[in-house]
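The values are calculated or read from the model by the stated rules, or taken from the named source; none is laboratory data. Note that this is a predicted model, so its numbers are computed, not measured. As a convention, Cβ positions derive from the backbone with ideal geometry for all residues, glycine included, and neighbour counts pool all protein chains shown. With ligands, DNA and RNA removed, areas are computed over all heavy atoms of the protein, side chains included. Shrake-Rupley method; radii C 1.70, N 1.55, O 1.52, S 1.80 Å.
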Amino acid sequence: MTEETAGTVRPSVDALPGRVAARRRELGLSVADIARRTGLPGTWVHSVESAATAPSAPGLSRLADALETTVDDLLSAPPAGFTHRIPPRPPGRDAGPGRELVEMTDEECQAHLQLQLVGRIAALEGPEPFVVPVNYVMLGRDVMFCTAADAMPARVEGPVLFEVDDIIDAAKIGWSVLIRGTAEPDQDPADFPAAGDAPWPAGRRDVCIRIRAERVTGRRLRPVMGEAGAQGSEGSPGSPGSQGLEGDR
């Protein structure tokens, strides 16, 4: 996997579709060929080439592997060339690799948080604990989201958890970042999200909440390569894949 850039590069919706299609044709491969190499549906590959889908960071990494190149090359502007890499082993040819959980560094966690637009906040105190998704932006290491005064998230204050993830079910890979912190109202206009970062649902945004991060942890789930992957069956007792992305944090 091209993991060096898998969690830190945001796909370019302008150059990416054409670059993917151009590289596929250069290799003499069909959409079905790329689907087999990635282990993802052909409709997904087609939607990337037609600009209907902007792939997540793990999906982009998997595409780069299938196209025998790098993420950076796929995101480069034409007419840049492509780096040539060894083609991946098509899924299903032999026993598939198991999966292992990898602890992410703080720097990786922060990069992944910058990539996403929606996270889940969990209130730890109050008469009715809840978990709800919210649009968010990062203020340094802190999380900011805005909502209507009568909405449930507006009542969040005190200890909270904030979780962000990106999962590719078909490939059985993904990542998860968990923030433990303290939520408090933020009335400083300088901290409010820009117009382009406004929440997706229509309506008022009377209250902005800032989550001051106290602890940030993250994990990635990736295939185990080599003999270790062939010996450890996915989901077997004691294998890393049986822990789940959230793990024991």
inquiry  = Return the residues of region 148-167 that are open to solvent by 20 Å² or more (accessible area, probe 1.4 Å) and either closer than 14 Å to Gly181 by Cβ or in contact with a helix residue (DSSP H, G or I) (Cβ under 7 Å, 6 or more places away or on another chain) (or both); say none if nothing qualifies.
reply    = Glu157, Pro159, Leu161, Glu163, Asp166
remark   = Within region 93-130, residues polar (S, T, N, Q) and modelled with pLDDT of 90 or more come out as Thr105, Gln110
remark   = Arg89 meets each of (1) modelled with pLDDT under 90; (2) open to solvent by less than 40 Å² (accessible area, probe 1.4 Å); (3) charged (D, E, K, R) with one exception, condition (2)
message = I'm told Ser56 meets every condition in (1) within 24 Å of Lys172 (Cα to Cα); (2) modelled with pLDDT of 85 or more except one. Can you identify the failing condition by its number?
response = (2)
Single match in Ala6, Ala35 (criterion: surrounded by 14 or more Cβ atoms within 10 Å (Cβ to Cβ) and at pLDDT below 80) = Ala6
ask   = So which residues in region 104-136 are touching a residue at least 24 places away in the same chain (Cβ under 8 Å) and more than 15 Å from the chain's Cα centre (by Cα), if there are any at all?
value = Asp106, Ile121, Ala122, Ala123, Leu124, Glu125, Gly126, Val134
